[in-house]
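The values are calculated or read from the model by the stated rules, or taken from the named source; none is laboratory data. All values derive from a computational prediction rather than experimental measurement. Every residue, glycine as well, gets a Cβ built from its backbone with ideal geometry; the counts of neighbours run over all protein chains shown. SASA here: full protein model, heavy atoms, side chains in, ligands and nucleic acids out. Shrake-Rupley method; radii C 1.70, N 1.55, O 1.52, S 1.80 Å.
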Amino acid sequence: MRPNCLLLLSLFLFAPLLAFGDHARMFPRRVIDDAEEEELLSGMGPQRVNNINDAHLKEIAEFAVSEFNKESLKSLVFHKVVSGLVQLVAGDLYVLVIAVRDESLPASPIVNYQCRVNERLWLDDPLKLISFHQI
């Protein structure tokens with residue numbers, strides 16, 4: 001009797017799938033506009049930094065310049081944060097556009113760089129420079 005019950009149960013569960021067959025008809029794709037996409041992604045993707053003058057952002061930018069100087073043997077000097085994004089990814093991932101000046105050149109202009117810094121507060125060294133390049 002048990003095998004018959006399982007057969008009947010599985011027939012009732014899978015019959016709708018067999019009857020409709022075409023998955024695309026059962027679950028049609030919906031086209032969404034930019035505003036709806038922004039609403040769906042808010043909280044999941046990078047968020048714009050509201051206050052670019054925040055002291056913590058300045059610390060992160062200065063760390064990035066310092067680490068880049070150590071790795072490249074350059075003499076860049078932090079000037080200001082131009083813009084930034086932050087995303088929650090195994091800590092906070094900061095993507096900052098910062099203005100820097102090359103101190104080793106006499107009349108060096110202020111140039112924008114993009115840096116990516118991962119901040120994981122639970123580690124002994126919470127900040128890690130991911131990338132740093134001129135834009």
Ser72 accessible area, 1.4 Å probe, all protein chains in place, Å² to nearest 10: 40
Extension gain from His79 to Glu62, taking 0.36 nm per residue of separation minus the Cα-Cα distance: 5.2 nm
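Please compute one quarter of the surface area of the Cα convex hull for region 59-135 and express it in square nanometres. Walk me through the numbers before you get to the answer.
Numbers: hull surface 20.0 nm².
Quarter of the Cα hull surface area: 5.0 nm².
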Where region 51-113 is the region considered: accessible area per residue in Å², 1.4 Å probe: 56
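Among 56-67, 116-127, 80-91, how do they line up by average Cβ neighbours within 10 Å per residue, starting with the highest? The partial results should precede the final answer.
Working: 56-67: 18.2, 116-127: 13.2, 80-91: 15.1.
Result, highest mean Cβ count within 10 Å first: 56-67, 80-91, 116-127.
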Cα-based Kirkwood hydrodynamic radius, region 59-104, one decimal, Å: 11.3
Residues with amide H under 5 Å from that of Leu76, placed H, sequence gap 5 or more: Glu103
